[in-house]
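Heads up: the structure comes next, in structure tokens.
The values are calculated or read from the model by the stated rules, or taken from the named source; none is laboratory data. No experiment lies behind these values; they were computed from the predicted model shown. When we count neighbours, we look across all protein chains shown, and the Cβ atoms used for this are built from the backbone with ideal geometry, even at glycine. With ligands, DNA and RNA removed, areas are computed over all heavy atoms of the protein, side chains included. Shrake-Rupley method; radii C 1.70, N 1.55, O 1.52, S 1.80 Å.
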Amino acid sequence: MRAMVYRGPYKVRVEDKAPPPIEHPNDAIVRVTLGAICGSDLHLYHGMMPDTRVGMTFGHEFIGVVEQVGSSVQSLKPGDRVMVPFNIFCGTCYFCARGLYSNCHNVNPNATAVGGIYGYSHTCGGYDGGQAELVRVPFADVGPTVIPDWMDDEDAVMLTDACPTGYFGAQLGDIVEGDVVVVFGAGPVGLFAAKSAWLMGAGRVVVIDHLEYRLEKARTFAHAETFNFTEYDDIVVHLKKVTDHLGADVVIDAVGAEADGSFLQHVTTAKLKLQGGSPVALNWAIDSVRKGGTVSVVGAYGPLFSAVKFGDALNKGLTLRMNQCPVKRQWPRLFEHVRNGYLKPRDLVTHRIPLEHIAEGYHIFSSKLDGCIKPLVVPDGY
Amino acid sequence: MPYTAEKPPPARTSEELRATIPGWGVDLDPRDRPSVPREQPSTHLTGAHWDFPERQPEKWPRERSVEHKFLTPVFGTATPPRGLSGGIRKAAYRYSEGRTAHWLLLVLADRVDAQESHLRSFLTLRPDNPITQTGVLSELRHHPIRSRFGVKRTDLVHQSLDPVVVAGPWVLAGAAVYVVGRRVLRSLRGLMR
């Protein structure tokens, strides 16, 4: 089969790879019909995530058709059209039993601090991902769901991570009616978080980024006020000014490890790999939220330490909430919202990259060329 | 507005927002959201039909965190450790996730793995090609000038370091080979005199 393969920082190619075998009785093999490159894939691409091995296939956002099932699979059969959450989870461990699917204890031998994620380094379990023609899907009775007939493929693939993660980020903010919500990052997750904040009754939603074309999308897709932080000497002071010097009720960090805004923070993280993530957006979130407010973190950070301003978080009495999104828990409600037209995930898709050209797709996304917000990956023949 | 107990008045009322933003307030009740409360019984929702999953066969000594009691019943089988980088990875897994040594050794192993794999690729019919693998050729067709100039992007400063990250190890390796080779040649000439 053809598959994207990591060749070292900033380098990927497509290779012929052996098709994945059934390794466990509850595995399925899925033929990928549509995948995506996530902003967090860029952390792997840039060599920032420890234990990212040359030869690995990335991709944790994908949908497809079931090709083969293991002997114990009951809920799927070959030919089913399925969407697969980015989390791999067993469904019955201590954490899954409490709904914390992203924190499953039975799928990642390499680390206890994170669950299993497709194509996301050995730190997340060492599973190959869906930027390929075929992918192994463990716990086929637990993770994947048959795509409803009415759902568009591009909506479905956006519902495997970006959309639910943004929606989850808004939930972590514990938004109540009339709250002022600030979202750092106008990538897909930030845009979904901003849109979701309205669904939860926000009175005002503000999105911050430095890429003007993404801020334009925040205004049209998420109905948000926007500020380009490069236009202000100090974005935190500006946010205080526009919130009566109280600060926002809720701030959502939808940027994560490669945040811009501080050359030192970015270079020590993304280039020198000395931090788990550049905490610029997180520190701005801590500074710009009001005392007693809530900071929600859904941007992805690596496991190494980061220079986070915990002192200010303590002194302001903040609530810091974060997790990888337990995707499947969000699906029933999000399916309703998509069907009712409240969320239109495919509106964020800007590029459709053939699998054979995936190196160019990574470069376009990483370099923010051509107004790129969300690139999908299309295997040959689809 | 002075610093008083009053909450600043909203720019738009809930009624105005409901009328203008599709779906405003459909998840208004904080108790009726999918991830509220954070922990909730959910085994009946997952489709699992086991208390503890069957164990996947272990085809090689699978590296695992020392914080785990045992090898998890299911695990990824991509890219087993190999070469010098594989040795460093196995050493890293002697330390817990709480130890900096664990992560720094893994970061080191990643760098060694990249160089080992590049060298190994030159023994194959498909050696690494930094031009095609970095996707840089896409620049020509995707508005490289318009995407970068006349816009207020802060990432351009460090983007200029990307070629250094990609080419730097090769330049250093080439310089090292040159210096060592020259010394070896000089030594050989000295011995022959």
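Values for this structure:
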quantity: Enumeration of residues in region A:220-235 that are over 17 Å from A:L191 (Cβ atoms), more than 11 Å from chain B (Cβ to nearest Cβ) and either buried (at least 16 other Cβ atoms within 10 Å of the Cβ) or in contact with a Phe, Trp or Tyr (Cβ under 6 Å, 6 or more places away or on another chain) (or both); calculated: A:I235
quantity: Residue match in region A:369-380 (condition: without any contact (Cβ under 8 Å) to a residue 12 or more places away in the chain, open to solvent by less than 10 Å² (accessible area, probe 1.4 Å) and either closer than 16 Å to A:A259 by Cβ or in the same structural domain as A:S121 (by TED's automatic domain parsing) (or both)); calculated: yes
quantity: Total residues in region A:36-56, condition assigned to a loop (DSSP other than H, G, I, E, B) and within 17 Å of the chain's Cα centre (by Cα); calculated: 7
quantity: Qualifying residue in region A:29-41 (condition: surrounded by 22 or more Cβ atoms within 10 Å (Cβ to Cβ), touching a residue at least 12 places away in the same chain (Cβ under 8 Å) and within 10 Å of chain B (Cβ to nearest Cβ)); calculated: no
quantity: In region A:211-264, the residues that are among the hydroxyl-bearing types (S, T, Y), in a loop (DSSP other than H, G, I, E, B) and modelled with pLDDT of 95 or more; calculated: A:Y232, A:T243
quantity: Qualifying residue in region A:47-62 (condition: facing chain B (nearest Cβ under 10 Å), open to solvent by 30 Å² or more (accessible area, probe 1.4 Å) and of a type in the set (G, A, S)); calculated: no
quantity: Any helices (runs of 4 or more DSSP H) falling wholly within region B:91-193 and containing at least 2 residues that are more than 20 Å from the chain's Cα centre (by Cα) and under 30 Å from A:E216 (Cα atoms); calculated: B:144-148, B:156-159
quantity: Checklist (1) open to solvent by less than 40 Å² (accessible area, probe 1.4 Å); (2) in contact with a strand residue (DSSP E or B) (Cβ under 7 Å, 6 or more places away or on another chain); (3) modelled with pLDDT under 90 applied to B:S117, failing item; calculated: (3)
quantity: Qualifying position, being under 21 Å from A:A259 (Cα atoms), surrounded by 21 or more Cβ atoms within 10 Å (Cβ to Cβ), facing chain B (nearest Cβ under 8 Å) and out of contact with any His (no Cβ under 8 Å at 6 or more places or on another chain), among A:L239, A:L211; calculated: A:L211
quantity: Region A:169-183 - residue that is in contact with a Pro (Cβ under 8 Å, 6 or more places away or on another chain) and open to solvent by less than 10 Å² (accessible area, probe 1.4 Å) and, of those, nearest to the other protein chains (Cβ to nearest Cβ); calculated: A:Q171
